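The block underneath contains the structure these notes are about, expressed in structure tokens.
The values are calculated or read from the model by the stated rules, or taken from the named source; none is laboratory data. Everything numeric in this text was worked out from a predicted model, so none of it was measured. Every residue, glycine among them, receives a Cβ derived from its backbone with ideal geometry; neighbour counts consider all protein chains shown. Accessible surface is based on the protein model in full, side chains and every heavy atom, while ligands, DNA and RNA are left aside. Shrake-Rupley method; radii C 1.70, N 1.55, O 1.52, S 1.80 Å.
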Amino acid sequence: MRLLHSLARTHATFDDPNLVSRAGLVPVMALAQRARLTELVAAQVRPGGPCGVNAQLKVPCLVAGMIGGADSIEDMNLLRHGAMDMLFGGIRAPSTLGSHLRSYTWGNVRQLEAVNRQLLAELARRTPLLPGKDVLAFVDIDSMQKRVYGHQKQGARFGHTKIGGKSLLVRGLNALAAVVSTPLSAPVIAATRLRGGNAASARGAASFAAGAITTARAAGCTGTIVVRMDSAYYAAKVITAIRRAGALFSVTVPMDPKVKAAIAAIPEDAWTPIKYPRAIWDDQLRAWVSDAEVAEARYTAFTSKKGQAVTARLVVRRVRDLNKQAAAGQDELFPLWRYHAVFTDSPFELLQAEGQHRDHAIVEQVFADWSDGPLAHLPSGSFAANAAWLTCAAIACNLLRAAGALASLAYARARGATLRRDLINVAARTARSGGHITLHLPDGWHREHEWLTLFAACGPPAATA
């Protein structure tokens, strides 16, 4: 591809009042209206002070900006160009939205979290967001240490995170998330919680897990629910709360002496060889692994805690610890293994239970989408404002995921950046005629069919006879 005209003969000017750069916000915000986002915010979110008014207009502005690609308060200016005021009402300036966020207290943040839970239930009812939810669903809980740089950030502390496979201390805030998915769907965000950067992973996780299960049920997950977690959440209170809520658990087990003794007691003929069709990354070996062996045993955890002992399955995967000196002629006298144990009450057979737990990594897809979108920054110095921003980011991600599910099967599982590029950030020219507005989009747009499918799905409901 080459430029047909030199820049000396090419001119540019920003002067067309009928153009918009993000026409995909029209069907997505129509979907938000049909799912009653405005009504839910108006009924529940009531920040105080003069800047806390009109939350039912300002929260949708924040959500729309995030869907369009905003990752800071200043970026909310993307809502104020061309013919956007012809398509949307109630658009507020970035400074107004920033002041609104700073008026939030922790109670207001919890109100906004309730809006996210109820909106997710509405979206699941109106769109094919979670196919197969009446049979099997997974709730994955994990946290992300989000680095911040400002010296005045409330709650910013040093906490552990992994960068390049290494555990490092990073100054930031800790974002806890629970995501819901099915074997056929991409994950959506059921709950969020912003914590201080030095918060222990399991702090508050018991009530958080119970709330996420309740949200999953409200979203139509009426079948089996399995809650998957890593070893940071291996705690009696967390597992008890999950079982009390009527769900199953699958949690990575730390390799303490008791667990090692249980693994050593597994007979050699109980191990089943498996070969992964796609290699998996082993953090300890720092290599891709295609072969392993699995076995299981009965195990009772938390025996030191009176009345909280739990007996379930200990599913163990072992991988050969390869001798790095073998190429130099130093063959091994006997095989060495690295063990990975999972404590679960899953009813599925051994290979299924082990494979399902490895799929807990799906939560990293959500964190990657967040980091590549609205959570690239935590924009305020106020802790409550950043917590509200996190919840708005969850609402935006769920709306974008629902839009993708309406557009096509492929977009139902696409990355957030892909959905923004192909469905949201599409330029259009507006034209009025007879009281109607027509959006003229680019001729030959490579996702025309999917965009029009989304547009039609978010239109007015069909009239009933």
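Consider the stretch 314-336 and keep the residues that are in a strand (DSSP E or B) and open to solvent by less than 60 Å² (accessible area, probe 1.4 Å). The one that is modelled with the lowest pLDDT is Val319.
Would a scan of the stretch 373-393 turn up a residue that is of a type in the set (S, T, N, Q), open to solvent by 20 Å² or more (accessible area, probe 1.4 Å) and assigned to a helix (DSSP H, G or I)? For the stretch 373-393, residues of a type in the set (S, T, N, Q), open to solvent by 20 Å² or more (accessible area, probe 1.4 Å) and assigned to a helix (DSSP H, G or I): absent. Take Cys61 and tell me if it is over 28 Å from Trp451 (Cα atoms) and either touching a Lys or Arg at 6+ places or on another chain (Cβ under 8 Å) or not small (Gly, Ala, Ser) (or both). Spelling it out, it is not the case that Cys61 is over 28 Å from Trp451 (Cα atoms) and either touching a Lys or Arg at 6+ places or on another chain (Cβ under 8 Å) or not small (Gly, Ala, Ser) (or both).
Go over the candidates Met76, Met66 one by one and state the one that is in contact with a Pro (Cβ under 6 Å, 6 or more places away or on another chain) and without any contact (Cβ under 8 Å) to a residue 40 or more places away in the chain. Reasoning before the result, please.
Working: Met66 fails: without any contact (Cβ under 8 Å) to a residue 40 or more places away in the chain.
The conditions single out Met76.
Of the residues examined, Pro27 is one that is under 30 Å from Ala114 (Cα atoms) and either open to solvent by less than 20 Å² (accessible area, probe 1.4 Å) or charged (D, E, K, R) (or both).
Is one or more of the residues making up the stretch 61-72 open to solvent by 50 Å² or more (accessible area, probe 1.4 Å), over 18 Å from Glu113 (Cβ atoms) and at pLDDT 95 or above?
No, that holds for no residue.
A single member of Arg125, Arg92, Arg80 is open to solvent by 30 Å² or more (accessible area, probe 1.4 Å) and within 20 Å of the chain's Cα centre (by Cα), and it is Arg125. Screening the stretch 353-372 for residues that are under 11 Å from the mean Cα position of the chain (by Cα) and more than 12 Å from Ala175 (Cβ to Cβ) and picking the one that is surrounded by the most Cβ atoms within 10 Å (Cβ to Cβ) gives Asp369.
Using the structure shown, decide if Ala199 is outside any strand (DSSP E or B) and open to solvent by less than 60 Å² (accessible area, probe 1.4 Å). The answer is yes for Ala199.
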